[in-house]
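Since the structure comes first, as structure tokens, the remarks are kept for the end.
The values are calculated or read from the model by the stated rules, or taken from the named source; none is laboratory data. All values reported here derive from a predicted model rather than from experimental measurement. Cβ placement follows ideal geometry from the backbone for every residue including glycine, while neighbour counts extend to all protein chains displayed.
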Amino acid sequence: MIRRMKQGINRKEIEKESKQEIEQIAVDMENEKYELRYQYVVGILEAKINIINEQLSREYHREIIRDVNSRLKKPDSIHAKLVRKGYERNFATAKKKLNDLIGIRIVCLFQDDIYRIAEMLEKQQDLEIIKVKDYIEKPKKNGYMSLHLIVDLPIYLGDKKETKRAEIQIRTTAMDFWSVLDYQMIYKKDVKGAEEAAKELKGYSEEIAALDRKMVKLREKIARI
């Protein structure tokens, strides 16, 4: 009984400490006007992506990019990732250690277009690609597929130049549809039946990969008719 009471107290203390840390991260983000910087970075990246889409669409005479959306990582998500990575739980550490505070997602129709878009982004002189994570060539253990580009982008606030980091995810419509269910599984891990559902979801990832490849071949076949 005493041990259980102590465990309960410790859990409450940890939850209280985590809540305070999350609140402090939110305050620091507000003080640094990080949302303004996020909007600045997203505006520049979306303009580049729109131009790339127009260029590729004209070159290949078809739709290339179906959707583009963005997000700024929330304080609780930042805190959770810092805990998971074993880092100090503050915003200063998050800016140094986490690459995905600012995220852009590009959804296209065909798998080969993912690499065309990435190649065009790589040619941007004011955009430095720091790291490439190809989860299409080598999916994650749970079946997740997408191409991730970690990029540095200069922004100018008044006469001050800053370099901001962002993560660009490029995937097909099918991969994006799969990731919606994968995201839901995050909150179902300890629920009865979750393991079986996760196994089934991973199997669908393999089917999606095969279907994406078939659709590219079919598109090329139709183009030759």
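Of all the listed residues (168, 150), the sole one being within 15 Å of the chain's Cα centre (by Cα) and touching a residue at least 60 places away in the same chain (Cβ under 8 Å) is 168. The set of residues in the range 164-196 being under 27 Å from residue 95 (Cβ atoms), at pLDDT 95 or above and not basic (Lys, Arg) consists of 166, 167, 168, 169, 170. Residue 143 falls short on exactly one of the conditions (1) on the phi < 0 side of the Ramachandran plot; (2) modelled with pLDDT of 90 or more, and that condition is (1). Taking the range 69-86 as the range and being basic (Lys, Arg), within 23 Å of residue 171 (Cα to Cα) and out of contact with any Asp or Glu (no Cβ under 9 Å at 6 or more places or on another chain) as the test, the residues that pass are 71, 74. Residue-level check: of (1) touching a helix residue (DSSP H, G or I) at 6+ places or on another chain (Cβ under 8 Å); (2) closer than 30 Å to residue 23 by Cβ, residue 112 misses just (2). Name every residue in the range 28-44 that is buried (at least 18 other Cβ atoms within 10 Å of the Cβ) and over 19 Å from the mean Cα position of the chain (by Cα), in order of residue number. Within the range 28-44, just 29 meets the criteria. Residue 100 - would you say it is in contact (Cβ under 8 Å) with a residue 40 or more places away in the chain, outside any helix (DSSP H, G or I) and in contact with a strand residue (DSSP E or B) (Cβ under 7 Å, 6 or more places away or on another chain)? Spelling it out, residue 100 is indeed in contact (Cβ under 8 Å) with a residue 40 or more places away in the chain, outside any helix (DSSP H, G or I) and in contact with a strand residue (DSSP E or B) (Cβ under 7 Å, 6 or more places away or on another chain).
Which residue is farthest from residue 149 (Cα to Cα), if the candidates are limited to the range 45-93 and must be surrounded by 13 or more Cβ atoms within 10 Å (Cβ to Cβ) and among the β-branched types (Val, Ile, Thr)? Among those residues, the one meeting the criterion is 93.
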